[in-house]
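Inspection log for the structure reproduced underneath, given as C-alpha cells.
The values are calculated or read from the model by the stated rules, or taken from the named source; none is laboratory data. These numbers come from a predicted model, not from an experiment. A quick note on method: Cβ atoms are made from the backbone with ideal geometry, for glycine too, and the neighbour counts reach across all protein chains shown.
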Amino acid sequence: MNDTSVPSPSEKHPEEHSGVSRRSLLTGAGALALGGGALAGLVGCEDTTTPVAAAGAGGGAGIMGDPTAGGPVDPAGIPLARVDYPVTLPLIGDPVKPGEPERGGVLRVYNYADYLNPAVLNAFGEENGVKVEVSTFETLDEAFSKLSTGGLEFDVIFTTTDQISRLVGRKLLQPLNYDLIPNLRKNVWDVLQSPYYDVGPRYTVPYVLFTTGIGWRNDLVSYDPAEPIWDALWDAERYRGKVQLLNDPREAIGAALMRAGITNLNTENPAQIEAAIRDLIKLNDDVRVKVAINGYETLPTGRIVLGEVWSGDVLSAAISYLPKDVPATALSYVYQEQGGPIANDMIGIAAAAQKPVMAHRFLNYLLDADVALENFVDFVGYQPPIRGIDPASLIKDEVIPPNLANALVTPEAFASANAFLGLTVTGQRLWDRGWQQFRAG
C-alpha cells in the first residue's frame with residue numbers, strides 16, 4: 001500500500017489512501033473484496049428515515065427505556081449513547097431460537113480487510129462444516145451505505161461504537177440470543193458485559209479495543225512524551241513528509257480538537273470544528289502530513305517516523321513488522337490519558353442472515369480465550385477484552401515488549417473512557433464537510 005499526502009496549495013487535490021482497511025495487517029489474506037469504490041454517505045437520506053424509536057419499535061431507547069427522555073438523537077430517533085448516558089437500543093424483531101447450526105455452504109462475514117486471522121477462520125469452518133467467506137469494506141461509511149442500499153447478504157457484520165445505532169435504526173441488525181453466546185459472560189471483561197452503547201446487551205459482542213495516540217521511532221526522532229501530546233504532530237517540521245495523520249475524519253479532526261484542549265470528541269460546535277480544520281490545514285502546510293492507515297508497517301520500517309496511530313498498530317509493528325536490524329525498543333507510543341480516545345470494535349448478526357444460528361456460534365468462537373489470543377498475537381495485533389489476556393500477563397509472558405505497555409488497555413481505563421460516538425444529522429454533516437475541506441487542500 002502506498003501513502004498519499006494532503007497537497008500543499010500548489011499541488012493537485014489528493015487521492016484517498018489506497019489501503020483497503022483501517023487496520024489491515026497482511027495484504028492478500030484471501031479476503032473477498034466488494035467491487036466498486038466507496039459510495040457516498042447517506043446523510044441526506046437519513047433525514048427521511050422513519051424514526052425507529054419514535055415509531056415504538058419495542059423495547060424503547062435511552063437510559064430509562066424512553067426515547068422521549070430528552071437529549072439529542074440520531075436520524076432514527078435513537079438517543080445518542082455516551083459513556084455517562086447509556087442507551088438501550090430499541091428491540092426490533094425477536095432473537096433466533098436455539099437449534100441445530102446451519103451447516104454446509106458459506107457463512108458470510110462483512111469486515112475490514114485482514115482483521116481476522118485466516119487460520120482462525122479455517123479452523124472454525126472445518127470444525128463446523130461451513131466455509132467462512134469475508135467480504136471487505138474500506139470505510140465504515142462505505143459499509144453503512146452499501147448495507148443500506150440492499151442487495152448485500154451477510155450473516156456477520158463488524159462495526160464500531162459510532163455506527164451501531166445507525167445500523168439498528170436501518171433495521172440491518174437482529175437482536176442476539178445470548179444463550180447461544182455463553183463465552184460473553186464467561187470470558188469478556190465485566191465492563192463490556194452490558195456496554196453503554198448497547199445496554200443489555202441486545203445486538204453486539206465486543207471484538208477488540210484500542211486507544212488513539214502518537215507512535216514514533218525513538219531512534220530517529222527527538223520527542224519528549226512529557227510535552228503536550230498532540231503538539232508532536234504540529235512541531236514535526238524537521239520530519240516533513242514522514243509524519244502520519246490517520247485517514248479517518250473523526251480521529252484526524254479529533255487530534256486537532258484535543259490539541260486545542262477540547263475533550264468533547266463528539267462536539268457539534270461549528271466554531272470548534274472550523275478551528276480544528278484550520279489547524280489541520282496548517283499542519284499539512286508545515287509538515288506535509290501523510291494521511292494514511294498503515295502505520296503498523298510504515299513506522300517500524302522508518303517510512304514514517306512519527307504519527308497519529310491506533311495502539312494496535314504499534315503492537316502489530318512490534319509483533320510482525322520490525323526489520324531484523326530494528327529492536328522493539330525503537331518503538332514508542334503515548335496517548336492522552338485524560339480525555340483521550342479509548343474504544344472498541346464489535347460484532348453483530350445481520351437482520352437478513354441466512355445462517356443465524358451458525359453466526360451465533362461464530363461469535364461465541366471468537367470470544368473463546370484461546371481463539372482470541374491466537375487471533376490477537378498471530379495476526380490482528382489488536383487486544384481483545386478477554387479475562388486472562390491482560391496487560392500484566394502479556395508483558396510477563398513476553399508477548400508484548402515492556403516499552404509498549406502503555407499501548408495496552410486495562411478494564412479500569414476502558415470504564416472511564418472517552419470515545420468517538422454517534423452524532424446528530426447536523427453534527428455528522430459538520431464533521432463530513434470539514435473533512436472534505438481539509439482533504440481538498
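Quick notes
- Residue match in segment 139-150 (condition: at pLDDT 95 or above, in contact with a Leu (Cβ under 8 Å, 6 or more places away or on another chain), assigned to a helix (DSSP H, G or I) and surrounded by 18 or more Cβ atoms within 10 Å (Cβ to Cβ)): no
- Extreme residue, farthest from the chain's Cα centre (by Cα), among residues of segment 424-441 that are among the aliphatic types (A, V, I, L, M) and modelled with pLDDT under 95: ALA440
- Entry remark, segment 201-221: residues being under 23 Å from VAL409 (Cα atoms) and assigned to a loop (DSSP other than H, G, I, E, B) number 3 in total.
- Being β-branched (Val, Ile, Thr) and not in a strand (DSSP E or B) is a condition met by no residue of segment 98-118.
- Options ASP325, ASP286, ASP313: the member that is of a type in the set (Asp, Glu), surrounded by fewer than 24 Cβ atoms within 10 Å (Cβ to Cβ) and in a helix (DSSP H, G or I): ASP286
Residue by residue, here is whether (1) in contact (Cβ under 8 Å) with a residue 24 or more places away in the chain; (2) in a strand (DSSP E or B); (3) crowded, with 22+ Cβ neighbours inside 10 Å; (4) not assigned by TED's automatic domain parsing to the domain that holds ALA328 holds:
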site: TYR223; (1), (2), (3), (4): yes, no, no, no
site: ILE253; (1), (2), (3), (4): yes, no, yes, no
site: THR263; (1), (2), (3), (4): yes, no, no, no
site: GLN272; (1), (2), (3), (4): no, no, no, no
site: ARG278; (1), (2), (3), (4): no, no, no, no
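- Taken over segment 176-193, the criterion of being farther than 17 Å from ARG361 by Cβ, touching a residue at least 60 places away in the same chain (Cβ under 8 Å) and not acidic (Asp, Glu) is satisfied by TRP189, VAL191, LEU192.
- Cross-chain or 6+ apart pairs with Cβ under 6 Å, segment 123-135 first and within 14 Å of LEU366 (Cα to Cα), then small (Gly, Ala, Ser) and outside any loop (DSSP other than H, G, I, E, B): VAL132/GLY125
- Filter result for TYR333 (in contact with a Gly (Cβ under 6 Å, 6 or more places away or on another chain) and surrounded by 23 or more Cβ atoms within 10 Å (Cβ to Cβ)): yes
- Taken together, the criteria place PRO385 among residues that are within 21 Å of THR161 (Cα to Cα), modelled with pLDDT of 95 or more and not assigned by TED's automatic domain parsing to the domain that holds LYS282.
- Pick from segment 330-339, criterion modelled with pLDDT of 95 or more and touching a Leu at 6+ places or on another chain (Cβ under 9 Å), ranking: nearest to ASN111 (Cα to Cα): TYR333
- The single condition among (1) touching a Pro at 6+ places or on another chain (Cβ under 8 Å); (2) under 20 Å from TYR197 (Cα atoms) that ALA350 does not satisfy is (1).
- Here VAL208 meets the list (1) touching a His at 6+ places or on another chain (Cβ under 9 Å); (2) under 30 Å from ILE92 (Cα atoms); (3) not hydroxyl-bearing (Ser, Thr, Tyr) almost entirely, failing just condition (1).
- Residue within segment 173-181 that is of a type in the set (Val, Ile, Thr), surrounded by 17 or more Cβ atoms within 10 Å (Cβ to Cβ), at negative phi and part of a strand (DSSP E or B) present: no
- Residue match in segment 256-264 (condition: in contact with a Phe, Trp or Tyr (Cβ under 7 Å, 6 or more places away or on another chain) and β-branched (Val, Ile, Thr)): no
- Failed criterion for LYS282 (all others in (1) of a type in the set (D, E, K, R); (2) more than 30 Å from GLN437 (Cα to Cα); (3) not assigned by TED's automatic domain parsing to the domain that holds LEU180 hold): (2)
- Condition check for GLU133: in a strand (DSSP E or B), among the acidic types (Asp, Glu) and surrounded by fewer than 21 Cβ atoms within 10 Å (Cβ to Cβ): yes
- As a summary of the residue check, ALA372 satisfies the conditions (1) under 29 Å from PRO228 (Cβ atoms); (2) under 20 Å from the mean Cα position of the chain (by Cα) except for the one numbered (1).
- When the residues of segment 299-310 are filtered to those that are part of a strand (DSSP E or B) and touching a Phe, Trp or Tyr at 6+ places or on another chain (Cβ under 6 Å), the one that is surrounded by the fewest Cβ atoms within 10 Å (Cβ to Cβ) is LEU306.
- Only residues that are farther than 16 Å from GLY295 by Cα and among the polar types (S, T, N, Q) were counted across segment 214-233, and they come to 1.
- Conditions (1) in contact (Cβ under 8 Å) with a residue 24 or more places away in the chain; (2) of a type in the set (D, E, K, R); (3) within 19 Å of LEU366 (Cβ to Cβ); number of the one not met by GLU142: (3)
- Qualifying residue in segment 384-403 (condition: closer than 23 Å to PRO225 by Cβ and under 21 Å from the mean Cα position of the chain (by Cα)): yes
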